[in-house]
Amino acid sequence: MSTGTTGTVLIIDDEEKLRTLLARIIRLEGFTVLEAETVKGGNKLLDKEDIDVVLCDVKLPDSNGVDFVRDLKGRFPTTEIILLTAYGNIADAVTAMKNGAFDYIIKGDDNDKIIPLLSRAMEKVQLQKRVVQLEQQIGKQYTFDAILGHSPLIIEAVALARRVAPTEATVLLLGETGTGKEVFAQAIHQASKRTNKPFIALNCSAFSKELLESELFGHKAGAFTSASKDKRGLIEEANLGTLFLDEIGEMHIDLQAKLLRVLETSEFIKVGDTRPTRVNVRIIAATNRELEQEVNAGKFRDDLYYRLNVFTISLPSLRDRKKDIPLIAEFYLRLFSGKGNKRIDSISKDFLDRLQQHEWKGNIRELRNIIERAVILSDGPQLTVDNLPAEFQLSALRSTGPLSAFDLASVEKLHIQRVLNHTRGNKTEAARLLNIGLTTLYRKLEEYQISFHA
């Protein structure tokens, strides 16, 4: 009975009759089988072929299977090895398993166990390969190659980031909300010497002063009422890696002094502690504020500003590089149509024209949301103007003459009805897609007398 599993198996055994018998049994189950008499011959096949599982005798003319396991796993980590052993060699087989062997089979007696064992080993190999693929995809996602655009401003920003990445310099990223500051920070980290160490991101605007202090620096048990045990802060979690502090302009001025100490001395004191904690961490900070103005207004420490401002990169707004919009829109179309299992091949010219006319106050993040929403609402092979929010559709009406309140209401009502139909009456999801509050949606539904009928 076939297992339905496919893959390539290499048998290394100097006993020809046993090797031939095993090969026949394994081939009948749909596996590809290669054979070798010695470790030397097996290594030649391993270098040339994509081999998933190795069946190897413990005692071979030119090597010992126990030693071979260690060598194989060092060279081919995702390849599994099953040992063939005689009764007297079970101790060797157990040692080999400690070295990384998948399992062992007693020669001549365990033929009925070979296929189930091979199938389990093959499943592990396929899972390991999938993990490696995902890790490669994730790594690629955060590289500079993942930053889309051909406009001079974005090319210049990427070039600066590439130059500073291999250094240990502190980096300050400037730009409006949604311009991709965290994407740049991730890419800098991936291209640095710290790439295999932690990357920790923290949005400073998301916490009160007290919570931000605890999140960033950690605390000792008993430091405050709810502190029942010691807590490592994100600076400590990022040790040897990179800490990305987004919206640093929102950080309370008292905490700015503690952060300055980290930058100057590589140490800090946890909340409720008396002894300093040492760290080796690279800081990348970002803000949408004009920090010089904040310094002049007394809201941001000048010494911290100068310490952060070692290497500054300004990220352009989307409206300053509108020629990149079609490329970015196409990328998100492929992303979201793939996730939604939809076949949408193109974007209409009118759709792209509306995108080009928009001001993009939310920048790339806003464009991403618009394309995601359009893909969800699309029923055809192409994104059209009908899939855009009401404010985009109104741009066409404005160009033909004065816009009446009736025109606005008609387009808005139609768009809300489409979204509600898509969510099958789920008002919370409809409000999310429309990017409005739930109470606003309820008011609009009542105002336009919109309802969903299954």
What translational diffusion coefficient, to the nearest whole µm²/s, does the range 249-301 have by Stokes-Einstein, given a Kirkwood radius computed over alpha-carbon pairs, a temperature of 4 °C and 1.567 mPa s viscosity?
104
Which length gain, in nm to one decimal place, applies between Lys299 and Lys193 when the Cα-Cα distance is subtracted from 0.36 nm times their residue separation?
34.8 nm
Dipole of the chain [Lys/Arg +1, Asp/Glu -1 at C-beta], most positive-end residue of Leu259, Ile188, Leu445
Leu445
Any chance you could tell me what percent of the C-alpha pair distances in the chain go past 41 Å?
47
Asserting the computed 222 nm helical MRE of the chain (DSSP H runs at least 4 long, -39500 (n - 2.57) per run, divided by residue count, to nearest 500) equals -15000 deg cm²/dmol
Surface share of carbon and sulfur [accessible, 1.4 angstrom probe, percent] for the chain
50
Glu292 paired with Arg261, simple spin-label distance in nm, labels 7 Å along Cα-to-beta-carbon:
3.1
Between helix 65-75 and the chain: long-axis angle, C-alpha atoms, 0 to 90°, nearest 10
20
With +1 on each Lys and Arg Cβ and -1 on each Asp and Glu Cβ, how big is the dipole of the chain about its Cα centre, in debye rounded to the nearest 20?
600
Quick one: ranking Glu412, Glu292 by accessible area, 1.4 Å probe, largest first, what do you get?
Glu292, Glu412
Beta bridge orientation in the range 143-277: antiparallel %, DSSP, nearest 5
40
Under 8 Å for C-alpha pairs, at least 6 residues apart: give me the relative contact order for the range 52-134, rounded to a whole percent.
32
Just the number, please: percent antiparallel of the DSSP beta bridges in the chain, rounded to the nearest 5.
15
Subtracting the Cα-Cα distance of Glu15 and Arg319 from 0.36 nm times their residue separation yields 102.2 nm
Out of every Cα pair in the range 212-319, what percent are spaced more than 20 Å from each other?
43
Note down the relative contact order for the chain as a percent, whole number, built from C-alpha pairs under 8 angstrom at least six residues apart.
11
What does the extension gain come out to for Leu127 and Asp47, with contour length at 0.36 nm per residue minus their alpha carbon separation?
26.6 nm
Among Ile200, Leu45, Phe68, which residue has its Cα furthest toward the positive end of the charge dipole of the chain, with +1 on Lys/Arg Cβ and -1 on Asp/Glu Cβ?
Ile200
Kirkwood Rh (inverse of mean 1/r, distinct Cα pairs), the range 263-370, angstrom
18.2
Whole number in Å², please: accessible area per residue of the chain, 1.4 Å probe, ligands, DNA and RNA not counted.
52
Using a cut-off of under 20 Å, list every residue of the range 313-356 whose amide N is near the label point 7 Å from the Cα of Asn426 along the Cα-to-beta-carbon line.
336-343
Relative to the longest principal axis of the C-alpha atoms of the chain, give the angle of the C-alpha long axis of helix 390-400, reported between 0 and 90° and rounded to the nearest 10°.
50
Students often forget the sequence filter, so: which aspartates and glutamates lie under 13 Å Cα-Cα from Lys17 once same-chain residues fewer than 8 apart are removed?
Glu35, Glu37
Amide H contacts of Asp230 (H built 1.01 Å from N, under 5 Å, at least 5 apart or other chain)
Ala221
Hey, with R₀ at 41 Å, roughly what FRET efficiency would Arg75 and Thr170 work out to, going by the Cβ-Cβ distance, to 0.05?
0.55
Using a 1.4 Å probe on heavy atoms of the protein chains only, the accessible area for Ser151 in Å², nearest 10, reads 10
Lys pairs in the range 316-384, Cα-Cα under 19 Å, at least 8 apart or on separate chains: how many?
4
Ranking Phe268, Val58, Ile105 by how far each Cα lies towards the positive end of the charge dipole of the chain (+1 on Lys and Arg Cβ, -1 on Asp and Glu Cβ), the top one is Phe268
Taking Cα atoms only, helix 253-265 is inclined relative to the longest principal axis of the chain by an angle, in degrees rounded to 10, of 40
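The values are calculated or read from the model by the stated rules, or taken from the named source; none is laboratory data. All figures in this text were calculated on a predicted structure; none of them were measured in a lab. Quick reminder, even Gly has a Cβ in these numbers, built from the backbone with ideal geometry, and neighbours come from all protein chains shown. Note: areas computed on protein heavy atoms with side chains; ligands, DNA, RNA excluded. Shrake-Rupley method; radii C 1.70, N 1.55, O 1.52, S 1.80 Å.
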